[in-house]
Amino acid sequence: MVAVNRPPARASLAGLYALTPDLDDTELLVARVGAAIAGGATAIQYRHKRAAAVLRLEQARSLRQMCAARGVTFIVNDDADLALAVDAAGVHLGRDDMSIAAARARLGSAAIIGMSCYDSLDRAAAAVREGADYIAFGSFFPSTVKPDAVRATPALLTVAKARWNVPVVAIGGITAARAAPLIAAGADALAVISAVFAAPDVGAAARELAACFAGHLAGQLAIHDSGTQR
């Protein structure tokens with residue numbers, strides 16, 4: 001297949017970046033993702049590690065269509081070929097996946113390509129140098145999805161924001177109660193699975209996380225206004 005030519009402007013990740021759970025029921029998955037979007041998720045990443053290829057294609061296509069209709073960025077985890085097949089906005093890569101250059105060649109110049117950097121600023125530097133559109137750090141807290149993941153510190157986010165002009169994403173065990181320090185440290189987006197999709201009310205959980213960004217912005221504006229009035 002030939003790489004899809006998309007508009008040159010790339011979406012910039014910010015806010016709640018919801019990652020899908022391993023759910024085989026496509027109808028239920030679409031309903032839950034729809035609730036997350038209604039609650040304020042600005043980007044969706046399709047992630048289903050154990051699904052068969054046919055199911056992954058079906059689910060990714062359904063979610064891509066819904067995200068397009070609602071103006072939400074849709075990204076595929078790990079699999080550039082699947083991202084190409086469903087015309088996703090881009091792909092998220094880990095240490096065992098293809099290179100950024102290979103993904104760019106596959107998906108085209110306008111694709112969003114994100115890279116997991118775990119707890120490594122060196123890895124982040126290489127990713128930015130190779131053309132990553134965003135970099136992700138974590139796990140910041142214990143995670144039931146990846147219990148053995150390396151742990152990162154909020155200081156990494158602050159350093160990354162100072163060094164590179166790309167969105168910085170925090171991931172790993174993040175809840176609404178844990179979000180504020182990560183946003184204050186520099187996270188442009190929070191990548192969340194369980195705190196959204198394992199919640200009894202997906203929409204309410206998404207709203208609570210999305211509100212953390214609004215609360216931070218309000219606080220920053222208040223500080224700015226207070227300073228200008230002195």
Checklist entry - Roughly speaking, to the nearest percent, how much of the stretch 12-140's 1.4 Å accessible area is carbon and sulfur? => result 49
Checklist outcome for this item: Highest GNM mean-square fluctuation among A89, A51, A206, for the chain with Cα springs under 10 Å, belongs to A51
Checklist outcome for this item: Diffing the stretch 21-28: the Karplus 3J(HN,Hα) column from phi (6.51, -1.76, 1.60, θ = phi - 60°), in whole Hz with x for Gly and Pro, holds x, 6, 10, 7, 6, 4, 4, 5
Checklist outcome for this item: Charge dipole of the chain built from unit charges on the beta carbon (Lys, Arg +1; Asp, Glu -1), centred at mean Cα; most positive-end Cα among A162, A185, V145 is A162
Checklist entry - Stretch K161-V54 to full length: gain in nm at 0.36 nm per residue minus the Cα-Cα span? => result 34.6 nm
Item to check | the chain: relative contact order in percent, alpha carbon pairs under 8 Å with at least 6 residues between | outcome: 21
Item to check | Heavy-atom accessible area per residue - the chain, 1.4 Å, Å² | outcome: 47
Checklist entry - Among rounded, prolate and oblate, which fits the stretch 54-203 when a ≥ b ≥ c are the square roots of the eigenvalues of its C-alpha gyration tensor, a/c under 1.5 means rounded, and a/b larger than b/c means prolate? => result oblate
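The values are calculated or read from the model by the stated rules, or taken from the named source; none is laboratory data. This one's a predicted model, so the numbers in the text were calculated from it and none came from an experiment. Backbone-built Cβ (ideal geometry, glycine too); neighbour counts: all protein chains shown. For the accessible areas, the whole protein counts, side chains as well, though only heavy atoms, and no ligand, DNA or RNA atoms are used. Shrake-Rupley method; radii C 1.70, N 1.55, O 1.52, S 1.80 Å.
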